[in-house]
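Undergrad: Input: one structure, supplied below.
The values are calculated or read from the model by the stated rules, or taken from the named source; none is laboratory data. This structure is a prediction, so every number in the text was calculated from the model and none was measured. Heads up, the Cβs are rebuilt from the backbone with ideal geometry, glycines too, and the neighbour counts pull from every protein chain shown.
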Amino acid sequence: MGAGNQGALADAPGSGNEHKYLSFAHAFKEHLGFGIVGFVDKDSQHSIKAIETWGGTSFCCIQHAIEDFEIDVAVVATPDDTHYEILKELAECPLKLVICEKPLATDLQQAREIVALYKAKGIPLMCDYTRRFLPYYGDLKRRYEAGEFGEIKGALARFNRGMVHSGSHAVDLFEWLFPDKNRIGHHEHYHHIENIKDYRIWQIDLLFERYHWREERIGDMPVPAYFDRHMWYVAENAYNFLEGREPLKCTAEDGLRALEVCFELMKGAR
C-alpha cells in the first residue's frame, strides 16, 4: 500500500539511488525469500511506474489484491494520517505479517486500538523505525551494553517536521538503547524546530561518561551511508521472522511505546 518514494520509487532506475535500498519494493524484489504481488496507490501514476520498475499488478484497492492472490506480507507505506484506516482493513485479511511505516497512527488512542486489534487477530505487526534494523546502531547498542562508553549521562534531539513524524525516531532510539533510563524521556531533552521552507534539521547527541556520539543532518547534508541498505535489513528481518529464525526488531508494541512517550512530551512541553 503506497507506491511513492518509500514504497517504490526512491531508488528506481534514473533516481541516482539505484545502488541503494531505500524503498520497500526494491528490497522485496531482490530478496530471494519474497516475490512482489503488486501495489495499491490512489495515484495510479505511482502504481503504474512501480509495476513497470519492479513487476506485479496495480490494484485499485486492498480487497481486490487479497481476493485475487494468496498474500503473506502487506506493507503500509502511505502518509501518516492514513495508517489507522489501512491497518484496520488489513487486520481483516489472512496475512502472516504486516509492516507499517512509522508512526502506527497520528492519534494515540488509534494506535492503542491497532495494537490491541492485531494482538486479538494474531497477526504480527512490524513498525519501521529505521535505526533498529541497521547494523551500525546494533553495534552502538552492543558497545554501550558492554560498558565501553560508561554510563549514559544525557541525550539531546533536535528535529523538524513534528514530534510524531520525526521526533518519534529519536524517542524510539532512546527507548531501545536505554530501556532502563526513563529519565531520558523528559521533555527538556527534545527540541522541535518547525519546518521553515523545507529546511531540514536533525541532530541527536548522546553524552556518555567516556564518549560523545552525534548523528547530524542539516539542510542539504547527505544521509549517512549506513542508511543505504535500510530496507534490505527490514526485508531480511521480516523473512527471518517468518522462517522462525529471529523476532521482529521493531514490534507494534515498540511503535506504540514511542507514541506514548511522544504524546507525554508534547503534553509536558505545553
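Undergrad: Are any residues in the range 104-135 within 15 Å of THR78 (Cβ to Cβ), in contact (Cβ under 8 Å) with a residue 40 or more places away in the chain and not aliphatic (A, V, I, L, M), and if so, which ones?
TA: Matches in the range 104-135: THR106, CYS127, ASP128.
Undergrad: Can we say GLY219 is loosely packed, with under 11 Cβ neighbours inside 10 Å, modelled with pLDDT under 95 and either under 21 Å from the mean Cα position of the chain (by Cα) or farther than 19 Å from ARG132 by Cβ (or both)? Show your work before the answer.
TA: Working: loosely packed, with under 11 Cβ neighbours inside 10 Å: yes; modelled with pLDDT under 95: yes; either under 21 Å from the mean Cα position of the chain (by Cα) or farther than 19 Å from ARG132 by Cβ (or both): yes.
Yes.
Undergrad: Being in contact with a Gly (Cβ under 7 Å, 6 or more places away or on another chain), more than 26 Å from PRO222 (Cα to Cα) and in contact (Cβ under 8 Å) with a residue 12 or more places away in the chain: is that true of ALA25 here? Show your work before the answer.
TA: Working: in contact with a Gly (Cβ under 7 Å, 6 or more places away or on another chain): yes; more than 26 Å from PRO222 (Cα to Cα): no; in contact (Cβ under 8 Å) with a residue 12 or more places away in the chain: yes.
It is false that ALA25 is in contact with a Gly (Cβ under 7 Å, 6 or more places away or on another chain), more than 26 Å from PRO222 (Cα to Cα) and in contact (Cβ under 8 Å) with a residue 12 or more places away in the chain.
Undergrad: Also: Which one of the conditions (1) surrounded by fewer than 16 Cβ atoms within 10 Å (Cβ to Cβ); (2) closer than 21 Å to ALA91 by Cβ does GLN45 fail to meet, given that it meets all the rest?
TA: (2)
Undergrad: Being surrounded by 18 or more Cβ atoms within 10 Å (Cβ to Cβ), at pLDDT 95 or above, in a loop (DSSP other than H, G, I, E, B) and of a type in the set (S, T, N, Q) narrows it down to one residue among THR78, THR106, THR53; which is it?
TA: Result of the check over THR78, THR106, THR53: THR78.
Undergrad: Right, here's the next one. Do the conditions hold for ALA120, that is, is it outside any loop (DSSP other than H, G, I, E, B), more than 30 Å from TRP213 (Cα to Cα) and touching a Pro at 6+ places or on another chain (Cβ under 8 Å)? Can you show your working first?
TA: Working: outside any loop (DSSP other than H, G, I, E, B): yes; more than 30 Å from TRP213 (Cα to Cα): yes; touching a Pro at 6+ places or on another chain (Cβ under 8 Å): no.
No, not satisfied.
Undergrad: Also, quick follow-up: Kindly provide the set of residues from the range 232-270 that are of a type in the set (Gly, Ala, Ser) and either assigned to a helix (DSSP H, G or I) or within 15 Å of HIS169 (Cβ to Cβ) (or both), ordered by number.
TA: ALA235, ALA238, ALA252, GLY255, ALA258, GLY268
Undergrad: When you scan the range 5-27, do you find a residue that is under 24 Å from ILE114 (Cβ atoms), buried (at least 21 other Cβ atoms within 10 Å of the Cβ) and of a type in the set (Ser, Thr, Tyr), even just one?
TA: Scanning the range 5-27, I find at least one residue that is under 24 Å from ILE114 (Cβ atoms), buried (at least 21 other Cβ atoms within 10 Å of the Cβ) and of a type in the set (Ser, Thr, Tyr), so the answer is yes.
Undergrad: For ASP72, are the conditions met, namely being acidic (Asp, Glu) and within 30 Å of ALA170 (Cβ to Cβ)?
TA: Working: acidic (Asp, Glu): yes; within 30 Å of ALA170 (Cβ to Cβ): no.
For ASP72, the condition - acidic (Asp, Glu) and within 30 Å of ALA170 (Cβ to Cβ) - is not met.
Undergrad: Please go through the range 1-46 and pick out each residue that is farther than 16 Å from ALA235 by Cβ and among the hydroxyl-bearing types (Ser, Thr, Tyr).
TA: Listed by number, the residues that qualify are SER15, SER44.
Undergrad: Another question, if that's okay. Inspect all residues belonging to the range 179-195 and state whether any of them is outside the structural domain of SER23 (by TED's automatic domain parsing) and modelled with pLDDT of 90 or more.
TA: No, every residue in the range 179-195 fails to be outside the structural domain of SER23 (by TED's automatic domain parsing) and modelled with pLDDT of 90 or more.
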